[in-house]
Structure formats: structure tokens, C-alpha cells
Amino acid sequence: MTFQLGAALLDACVLAVLSRGDAYGYVLTQQVRQVIEVSETALYPVLRRLQKDGCLDTYDQPYQGRNRRYYRVTPQGVERLEEYRQQWCLYKSRVDTILLKEGQENDEG
């Protein structure tokens, strides 16, 4: 079973990967795929949305006669990532209290 990936979590993962260094679409997809299943076609709308929101900038670099579009995190993107990290810690903590409780009996009766 795979958990459904929400838009905010995917945004957070993309920002986290790009916070470690600029990347173009294919490399970014491969890095995100190391932890979650996502297709390249699903990732491009996320990149466009983050760019529209001011969280990402782009620039082109020539490579073998073609241009590669690279993505980088803006200062606003860094702030958004920090918010996502704080929200993730709280969310994870709350879910862990339910999913990871073992051996405790239900008090309802």
C-alpha cells in the first residue's frame, strides 16, 4: 500500500531537494523518486506552481546543443520550506501517536 501524496508534501519535497542545489527536471525527478513515487509529468506542474508563487527561479544552461532549464530556490522558497518543515514535524508527531502506539489497549468499553 502507498499513502497518497498531497500537493503540499510534494511541494515541500521539491523545495527540500532544490535547497541542496540547483537541478534540472530529470535530475530533480530522480532525487525525489528516491523517497516517493512521482513521475516527471507530475513534477512539472509543481515546479510551475512554485515558480508562480515566487519560491523558485529558473535559468537555462547549454548542454550538448540544447538548453537545460535549471531550478533554484528563492529566499521566499527557503521561508516556505522552513514553514513546511515545522508543519511536517507537528503532523508527523501527531500521526506517530496513533500509528506507533503498540500494546496499549483501547479504554472504551
Next item on the list: May I ask you to list pairs of residues, at least six apart or on different chains, whose Cβ atoms are under 6 Å apart, with the first in the stretch 60-79 being surrounded by 11 or more Cβ atoms within 10 Å (Cβ to Cβ) and the second being among the acidic types (D, E) and modelled with pLDDT of 95 or more?
Entry: N67/D60; R69/D60; Y70/D22; R72/D22; R72/D57; T74/D57
Note to self: Out of everything in the stretch 14-27 that is in contact with a Leu (Cβ under 9 Å, 6 or more places away or on another chain) and modelled with pLDDT of 95 or more, what residue ends up being farthest from R85 (Cα to Cα)?
What the structure shows: L18
Check: If only one of L90, L47 is exposed (fewer than 13 other Cβ atoms within 10 Å of the Cβ) and of a type in the set (A, V, I, L, M, F, W, C), which one is it?
Finding: L90
Next item on the list: Determine which member of the set T74, T41 is polar (S, T, N, Q) and out of contact with any Asp or Glu (no Cβ under 6 Å at 6 or more places or on another chain).
Entry: T41
Notebook entry, point to check: How many residues, within the stretch 40-65, are among the hydrophobic types (A, V, I, L, M, F, W, C) and closer than 15 Å to Y26 by Cα?
Noted result: 4
Check: Limited to the stretch 30-69, what total is found for residues that are in a helix (DSSP H, G or I), among the polar types (S, T, N, Q) and either modelled with pLDDT under 90 or farther than 15 Å from A8 by Cα (or both)?
Finding: 3
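The values are calculated or read from the model by the stated rules, or taken from the named source; none is laboratory data. Owing to the predicted nature of the structure, the values given are computational and were not obtained by experimental measurement. Methodologically, a virtual Cβ is constructed for each residue, glycine included, from the backbone with ideal geometry; neighbour enumeration extends over all protein chains shown.
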